[in-house]
């Protein structure tokens, strides 16, 4: 008999339409995947070199909290790039960024507890909260304001006696929004005034555009007893398959709880930690060019959107996503149609329906996320196919 959680944990809205894409490919259709944050930028060679040079005779268990070398280079990264005093024993290596969020929720939320999360949000938060038994209380944001946070007096009424934490993501997946200094301060002050945990998903920390400065919630020294961040090498090093993430937490009680959950899965992957260590040591050789390339791709996609009738978005400020309002009633129906019934020269475009990024029922039904993770020529072709697809769909439905 399958458990209640096994039956009710939501499927990923990003991955559930993959079978349709697979079917399209079997029919000889090339699918431009703008639905998933899988970059096509080459993984830095230094990471592969470090993995190839792994010389141990036995691939043994590693420390639960991660190998010392990686924790030390992450500590140095925060000190050198952000002037933050992060010690190696405040770094906990996880199996990807999602496990980092999972462990933070497990460590602080009891079944029935509530966590405030600005919506739209990374869809896996839904599944993680469901496994933990927690409830997401959404802080609704609007595409017309670039998905920035509402004022404090709109957020505080959402707090109840069951509220235990705030979780935010900046730069944001799926919206590309980068929180301002004032927004960050507001969340910190709310957390302090209401005795809440504040967790920040900072996977895209460096990916900020138009001269903005990369930042971290770890700079709020007077609140570090209640702040922890979740991070990952997946996007920073274009190494999604490495499954190496980490938690930074100065609160010893929180760190101890995370350690207990880590012991239950023994240790994170060993060889990939050596690759990640090399990535952090050589980051200055590739991250600036990577950010510049994503900013260019952002400009390409934004320009193409501006040329389409009925589409709306504000220019994303970071990460490599944007959420777009489409001139359709149901974006999931449209995405399905694009994969099943539409192609130009044996090519089609796949987006991620945005309703799966919301907790509020009915929100985002006419929106979709675009991940600008392809090279310029592919992006332009994908967007032209999208434009024609919208025109045909609206004239046949």
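Annotations
- Here residue 181 and residue 360 are evaluated by their C-beta separation; at R0 = 35 Å the FRET efficiency comes out at 0.80.
- Overall dimensions of the stretch 84-212 by Cα: Rg and Dmax, Å: 14.5, 43
- Here the gap between residue 52 and residue 346, fully extended at 0.36 nm per residue and compared with their Cα-Cα distance, gives a gain of 102.0 nm.
- C-alpha long axis of helix 97-108 to longest principal axis of the chain, angle in °: 60 degrees
- Working ranking of peptides 380-388, 254-262 by packing, defined as the average number of other Cβ atoms within 10 Å per residue, highest first, is 380-388, 254-262.
- When 54, 147 are arranged by Cβ crowding within 10 Å, least crowded first, meaning fewest neighbours, the order is 54, 147.
- Under the shape rule built on the C-alpha gyration tensor, where the axes satisfy a ≥ b ≥ c, the stretch 288-368 is oblate, since a/c reaches at least 1.5 while a/b does not exceed b/c.
- As a proxy for reagent exposure, 344, 248, 143 were ordered by neighbouring Cβ count within 10 angstrom, fewest first; the result is 344, 143, 248.
- Residue among 244, 155, 93 with the largest mean-square fluctuation in a Gaussian network model of the chain, springs linking Cα atoms under 10 Å: 155
- The order of 216, 60, going from fewest to most other C-beta atoms within 10 Å of their C-beta, is 60, 216.
- Spherically averaged projected area in nm², based on the convex hull that wraps the Cα atoms of the chain: 20.5 nm²
- Legend: calculated FRET efficiency, residue 12 to residue 329, from the Cβ-Cβ distance at R0 = 25 Å, rounded to 0.05, equals 0.60.
- Segment residue 45..residue 30, full-extension length gain: 2.6 nm, with 0.36 nm per residue of separation and the alpha-carbon distance subtracted.
- From helices alone, the chain scores -11500 deg cm²/dmol at 222 nm; the rule is -39500 (n - 2.57) for each run of n ≥ 4 DSSP H residues, then divide by the residue total.
- Axis angle, to the nearest 10 degrees, between helix 376-396 and the longest C-alpha principal axis of the chain: 50 degrees.
- P(r) weight above 20 Å for the stretch 106-173, C-alpha pairs, percent: 27 percent
- Extension gain, residue 193 back to residue 5 (0.36 nm per residue minus Cα-Cα distance, nm): 64.3 nm
- Here each label is just a point 7 Å from Cα along the line to Cβ, and for residue 82 and residue 380 those points are 3.7 nm apart.
- Viscosity 1.002 mPa s, 20 °C: Kirkwood-radius Stokes-Einstein D of the stretch 1-126 over Cα pairs, µm²/s: 111 µm²/s
- For the stretch 45-283, the relative contact order is 30 percent, taking Cα pairs closer than 8 Å that sit 6 or more residues apart in sequence and dividing their mean separation by the residue count.
Any read-out appearing in this document is the output of simple, stated calculations on the displayed coordinates, not a laboratory observation. Keep in mind that what you see is a predicted model, and the values were worked out from it rather than measured. Ideal geometry is used to build each Cβ from the backbone, glycine not excepted, and the neighbour counts take in all protein chains shown.
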